[in-house]
1. Since residue 70 meets every condition but one in (1) within 30 Å of residue 183 (Cα to Cα); (2) in contact (Cβ under 8 Å) with a residue 60 or more places away in the chain, which condition does it not meet?
2. Checking residue 120 against (1) in contact with a Gly (Cβ under 8 Å, 6 or more places away or on another chain); (2) assigned to a loop (DSSP other than H, G, I, E, B): exactly one of these is not met. Which one?
3. Spot the failing condition for residue 95; the list is (1) under 22 Å from the mean Cα position of the chain (by Cα); (2) crowded, with 17+ Cβ neighbours inside 10 Å, and only one is missed.
4. Can you confirm whether residue 118 is within 22 Å of residue 79 (Cα to Cα) and loosely packed, with under 15 Cβ neighbours inside 10 Å?
5. Can you spot a residue in the range 199-209 that is open to solvent by less than 10 Å² (accessible area, probe 1.4 Å), in contact with a Phe, Trp or Tyr (Cβ under 8 Å, 6 or more places away or on another chain) and more than 24 Å from residue 121 (Cα to Cα)?
6. Can you find a residue in the range 122-141 that is at pLDDT below 85 and either within 18 Å of the chain's Cα centre (by Cα) or surrounded by 11 or more Cβ atoms within 10 Å (Cβ to Cβ) (or both)?
Amino acid sequence: MVKKDRVFQTAANVFMILLCACCVLPFLLLIVSSLTDENTLIRNGYSFFPEKWSLYAYKYMFTRSGSIIRGYAITVGVTVIGTVCNLMLTVLMAWPLSRKDLPHRNKLGFFVYFTMLFNGGVVPAYIMWTQVFHIKNTYLALILPNLLMSAFYIMMTRTYFSSNIPDAVVEAARIDGAGEFRILTQVVLPMSRPIMATLTLLVGLKYWNDWVNGLYYVTKPEYYSVQVLLNRMLKDAQAMMEFSADPTAVLPSTSYKMAIAVAGALPVLAIYPFFQRYFVKGIAIGAVKG
């Protein structure tokens with residue numbers, strides 16, 4: 001039995017190593033390709049060990065961007081503010097739904113679940129945000145459309161609360177004189193770190209990677225987030241290559257695309273390890289029981 005366990009453990013470790021390599025190597029190849037000389041990349045293709053390195057794609061990106069630092073600042077601000085507001089709304093909706101003594105709990109839960117299946121569509125949403133709320137060409141255009149991003153997060157948080165917050169703890173706090181808001185902030189939330197970290201990561205990624213709202217509601221460059229800015233830069237570079245009057249001009253294409261992908265993904269990759277241990281636990285616990 002001991003020998004069989006060792007064989008199984010070795011096979012499992014090898015499998016996990018291969019699985020991790022399949023996840024890590026594409027990102028590594030992406031970074032290496034962004035640092036590869038354009039002509040070398042076209043001639044030899046993608047390689048982990050290019051024959052010639054170059055920072056030209058990054059230099060081209062920063063010189064052509066106008067103000068990529070401002071784009072990063074806007075994205076960071078929108079991500080932080082949007083994530084905090086989204087978590088507040090999600091928790092304030094999920095906590096009452098998790099209480100069994102809430103009147104009409106199932107009906108309210110159905111209305112939340114209904115929004116997971118049906119929505120008004122892009123055109124009504126555009127009319128509403130631009131004609132009613134007038135958020136076009138404002139920072140709110142990057143925050144409000146994703147503010148209550150998904151009913152799935154409400155259902156997941158509700159499941160976590162109902163499965164992992166004992167009724168006895170809530171009753172004890174209520175007997176001690178705590179009100180509902182104090183119970184939520186001082187009892188429930190400190191016991192819900194895994195699901196809060198999971199929601200922070202998921203919502204933050206949505207805000208960080210969002211470029212659709214910028215495409216729909218932002219036309220002034222001073223409001224471009226980094227994703228919108230990178231997307232415009234990529235389109236501009238492709239247009240310059242198509243209509244360039246000088247056929248001998250060196251314009252990065254493939255390496256430039258890789259550099260843009262690195263610029264958009266690297267901050268998230270740097271932050272993810274700090275949330276990873278809570279992320280797995282929060283997903284597992286929040287989605288097991290209904």
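1. Here residue 70 meets the rest and fails (1).
2. (1)
3. Result: residue 95 fails condition (1) only.
4. Judged against the criteria, residue 118 is not a match.
5. Yes, there is a match, as at least one residue in the range 199-209 is open to solvent by less than 10 Å² (accessible area, probe 1.4 Å), in contact with a Phe, Trp or Tyr (Cβ under 8 Å, 6 or more places away or on another chain) and more than 24 Å from residue 121 (Cα to Cα).
6. No - not one qualifying residue is present in the range 122-141.
Residue-by-condition table, conditions (1) more than 18 Å from residue 260 (Cα to Cα); (2) open to solvent by 40 Å² or more (accessible area, probe 1.4 Å):
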position	(1), (2)
184	yes, no
189	yes, yes
194	yes, no
212	no, yes
220	yes, yes
224	no, no
229	no, no
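The values are calculated or read from the model by the stated rules, or taken from the named source; none is laboratory data. The model shown is predicted, which means the values in this text are computed figures rather than measured ones. Neighbour counts are summed over all protein chains in view; Cβ atoms, including those assigned to glycine, are modelled from backbone coordinates with ideal geometry. For the accessible areas, the whole protein counts, side chains as well, though only heavy atoms, and no ligand, DNA or RNA atoms are used. Shrake-Rupley method; radii C 1.70, N 1.55, O 1.52, S 1.80 Å.
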